[in-house]
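The values are calculated or read from the model by the stated rules, or taken from the named source; none is laboratory data. Owing to the predicted nature of the structure, the values given are computational and were not obtained by experimental measurement. Every residue, glycine among them, receives a Cβ derived from its backbone with ideal geometry; neighbour counts consider all protein chains shown.
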Amino acid sequence: MTYREDYADLAWGLLHGSLAEGEKRLALQLVASDPEFGEALKLEIALAKELEQLKASMPPAAKRQVYSALQGTVAQEMFKAVLGSVLQTTLPRLAWPVWQIFERSVLVGEQL
Amino acid sequence: MDFAALYSEYVDAVYGYLAFRLRDKEVVEDLVQETFLAAHQRLDRLQEVASPKAWLLAVAHNKLVDYLRRQQEHLPLQEENLAAAAGTAPSRLFIQEALAQLAELERTIVYGLYVEGLTYRELAEMLGLPEGTVKSKAHYARKRLYYWLQEGSSHDLQRRLC
């Protein structure tokens, strides 16, 4: 192993565009003057290229399915919240436990 | 950014990370759904976040940790996990071999840095670790991967020459 420890970080930062202006200047100077940094940069490029292959996309059908499930869940939660607050103010206190039983048995069943 | 735009922009990043860590695609899709549901519930807060991707990946990571805790079945990242995450092209075995030598935390850090382009700070927030720990783990992982790359390349060259 010939590269210097801090060179790896600098090379990674240069490739990912995350260096501050001073660091960037230093890195560019090192590219021209230090073969060790050149080596670190080459390794970083090779590593980035290899690791890029791990990037996975969600299959379009699964994307659509999850999105529509999300919309369903969000709508159901909004419905429960709105209906719950409306009933809380309109239902007599005694009827409240009945609503809760209804909510558990019907709405949870729908979710399944 | 509205919810539909958020979903379409970042669903692949969230899915990619979860698929990298888990084998079961149904569980991955469930966790994607849970992540975006949490995002929907905190949409106002999300408008103020510097990097929505890092924030979503942190939520996904927490959902994953919860899931694994519930399951008590932490599946180490084996070759088949990686193959499932990245497809099965033979060239990908090369990188799988290298990542298999790293501890899971290091693999996650490497994935975050190189595949998702997160910063050390974003990764530290995502994993709930000090930034210095993430940096030192990244240094160690890099060292191993560099070594593997150099060795791998020379083996590959030898193979081609034979």
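Right, A:LEU83: part of a helix (DSSP H, G or I) and either touching a His at 6+ places or on another chain (Cβ under 9 Å) or in contact (Cβ under 8 Å) with a residue 12 or more places away in the chain (or both) or not? Against the criterion (part of a helix (DSSP H, G or I) and either touching a His at 6+ places or on another chain (Cβ under 9 Å) or in contact (Cβ under 8 Å) with a residue 12 or more places away in the chain (or both)), A:LEU83 does not qualify. Take the conditions small (Gly, Ala, Ser), at negative phi and at pLDDT below 85 and apply them to B:SER136. Does it pass? No: the conditions fail for B:SER136.
Inspection of the stretch A:42-57 finds no residue satisfying the criterion of being part of a helix (DSSP H, G or I), of a type in the set (S, T, N, Q) and facing chain B (nearest Cβ under 9 Å).
Restricting B:LEU99, B:LEU113 to those that are within 24 Å of B:THR35 (Cβ to Cβ) and modelled with pLDDT under 90 reduces the list to B:LEU99. Scanning the stretch B:121-147 for residues that are among the aliphatic types (A, V, I, L, M) and in contact with an Asp or Glu (Cβ under 9 Å, 6 or more places away or on another chain), we see that the one that is surrounded by the fewest Cβ atoms within 10 Å (Cβ to Cβ) is B:ALA124. Just give me the residues in the stretch B:17-48 being of a type in the set (A, V, I, L, M, F, W, C), facing another protein chain (nearest Cβ under 8 Å) and touching a Phe, Trp or Tyr at 6+ places or on another chain (Cβ under 9 Å), in sequence order. Scanning the stretch B:17-48 gives B:PHE20, B:VAL32, B:PHE36.
State whether the residues of the stretch B:58-67 include one that is at pLDDT 90 or above, in a helix (DSSP H, G or I) and more than 28 Å from A:ALA48 (Cα to Cα). Yes, the stretch B:58-67 has at least one match.
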